[in-house]
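Q: This is the structure, below, for whatever I ask next.
The values are calculated or read from the model by the stated rules, or taken from the named source; none is laboratory data. All of these numbers come straight from a predicted model, not from anything done at the bench. Cβ placement follows ideal geometry from the backbone for every residue including glycine, while neighbour counts extend to all protein chains displayed.
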Amino acid sequence: MINSEQANSHLLVQSLFQPALPPRDNDAHKGKFGSVAIIGGDDGMLGAVLLAARAALLTGAGRVYAAMLASAAPAVDFIQPEIMLRTVAQLSQLKQLNAVVIGPGLGQSKAAIALLEFWLAQAVPMLIDADALNLIAYYPYLADICIKRQAETVITPHAGEAARLLACSSEDIQKHRRQSALQLALSLQATCVLKGAGSICAHVDGSWFINTTGNSGLATAGTGDVLSGIIGSLMAQGLTALDAAKLGVYLHGAAADALLAKGLGPVGLTASALAPEVPYILNQLNAGQPIVGAVQSGVASYD
């Protein structure tokens with residue numbers, strides 16, 4: 001059992017992220033802020049890719065690409081036309097990618113498996129979420145490729161996905177969240193974000209941190225896709241996997257808290273409303289300003 005004094009040293013709080021990112025030079029151009037690709041979106045799940053891509057754009061990546069497996073994928077995102085939509089084949093030919101997010105709405109088809117196998121083998125920082133995690137749980141050879149990757153990896157499971165990866169129950173995960181996150185980080189040689197109330201960031205080196213922002217309004221469809229886009233964008237901008245995960249979960253929760261303070265939530269808070277709050281939070285952090293509505297709750301003890 002970890003006491004409250006020890007636990008407090010692992011809490012993610014606002015003072016750790018001021019400033020959150022280096023200042024932007026007046027003569028900066030989009031190439032300085034990284035290119036990120038979001039991959040997934042099988043039939044019926046296009047929204048997952050769009051939510052993640054929009055979040056990546058609003059978190060500051062210089063270029064955002066999106067590729068979908070759906071048979072009728074759109075050619076443009078009319079809400080955020082800045083996002084460059086590509087086929088999965090076209091995306092594989094891009095040379096300037098600084099980070100890849102794979103999994104939102106990916107599905108578990110043969111095409112999805114082949115796509116995941118290809119990108120796992122690429123030496124580019126990667127965030128793995130949703131169905132990509134389920135495929136790794138079902139196919140051990142994909143886990144082996146993940147372990148041997150030549151670039152940093154972030155995984156973002158919820159309790160159910162974590163349970164499949166560790167071959168246990170969701171209840172076991174929730175009873176031992178810190179230990180489960182650390183086990184996942186070690187087993188896949190990755191930074192693990194175990195999502196939930198007090199999301200835990202665990203690194204392969206044994207370090208771990210717990211987020212203090214967020215509220216029950218995040219318990220709705222698509223907010224995990226937004227988180228994936230945020231972290232992927234931060235990786236593309238040059239943050240390490242662990243730093244991107246820590247800042248990403250903090251931003252994600254703080255955006256939900258800011259919406260709650262405005263009266264939007266917890267009931268009726270949507271993932272689409274969440275992403276536009278992120279740049280406000282990020283710019284407040286960069287300017288050293290207090291975040292309006294952020295709740296720093298903390299947790300007294302951990303298993």
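Q: Name the residue, out of LYS32, LYS95, LYS110, that is in contact (Cβ under 8 Å) with a residue 12 or more places away in the chain and basic (Lys, Arg).
A: LYS32
Q: Here is a follow-up. Pull up region 186-206, narrow it to residues that are buried (at least 20 other Cβ atoms within 10 Å of the Cβ) and among the hydroxyl-bearing types (Ser, Thr, Tyr), then point me to the one that is nearest to LEU133 (Cα to Cα).
A: Filtering first and then ranking leaves THR191.
Q: Shifting gears a bit: Looking only at region 253-282, filter to residues that are free of Cβ contacts under 8 Å to residues at least 40 places away in the same chain and assigned to a helix (DSSP H, G or I); which one of those is surrounded by the most Cβ atoms within 10 Å (Cβ to Cβ)?
A: Going through the qualifying residues, I end up with ALA255.
Q: Exactly one of these conditions fails for GLY214: (1) over 21 Å from MET45 (Cβ atoms); (2) surrounded by fewer than 24 Cβ atoms within 10 Å (Cβ to Cβ); (3) in contact with a Gly (Cβ under 7 Å, 6 or more places away or on another chain). Give me its number.
A: In the conditions (1) over 21 Å from MET45 (Cβ atoms); (2) surrounded by fewer than 24 Cβ atoms within 10 Å (Cβ to Cβ); (3) in contact with a Gly (Cβ under 7 Å, 6 or more places away or on another chain), GLY214 misses (2) alone.
Q: If a residue must be modelled with pLDDT of 95 or more and either over 25 Å from LEU21 (Cα atoms) or small (Gly, Ala, Ser) (or both), how many such residues does region 61-72 contain?
A: 7
Q: I would also like to ask the following. Select, from LEU194, LEU165, LEU184, the only residue that is over 17 Å from MET126 (Cβ atoms) and among the hydrophobic types (A, V, I, L, M, F, W, C).
A: Exactly one residue qualifies, and that residue is LEU194.
So that you can scan it fast, the table gives a plain yes or no per residue for (1) more than 14 Å from the chain's Cα centre (by Cα); (2) crowded, with 18+ Cβ neighbours inside 10 Å; (3) within 23 Å of ALA255 (Cβ to Cβ):
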residue: GLY47; (1), (2), (3): yes, no, yes
residue: GLY62; (1), (2), (3): yes, yes, yes
residue: PRO74; (1), (2), (3): yes, no, no
residue: ALA99; (1), (2), (3): no, yes, yes
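Table: residues versus (1) among the acidic types (Asp, Glu); (2) farther than 26 Å from ARG24 by Cα; (3) touching a strand residue (DSSP E or B) at 6+ places or on another chain (Cβ under 8 Å); (4) in contact (Cβ under 8 Å) with a residue 12 or more places away in the chain.
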residue	(1), (2), (3), (4)
TRP208	no, yes, yes, yes
SER216	no, yes, no, yes
THR220	no, yes, no, yes
GLY238	no, no, no, yes
ALA245	no, no, yes, yes
GLN284	no, no, no, no
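Q: Continuing with this model, one more query. Tell me, please, whether a residue that is crowded, with 21+ Cβ neighbours inside 10 Å, within 26 Å of GLY198 (Cα to Cα) and not basic (Lys, Arg) can be found in region 26-41.
A: yes
Q: Is it the case that region 178-193 has a residue that's touching a Gly at 6+ places or on another chain (Cβ under 7 Å) and of a type outside the set (Phe, Trp, Tyr)?
A: yes
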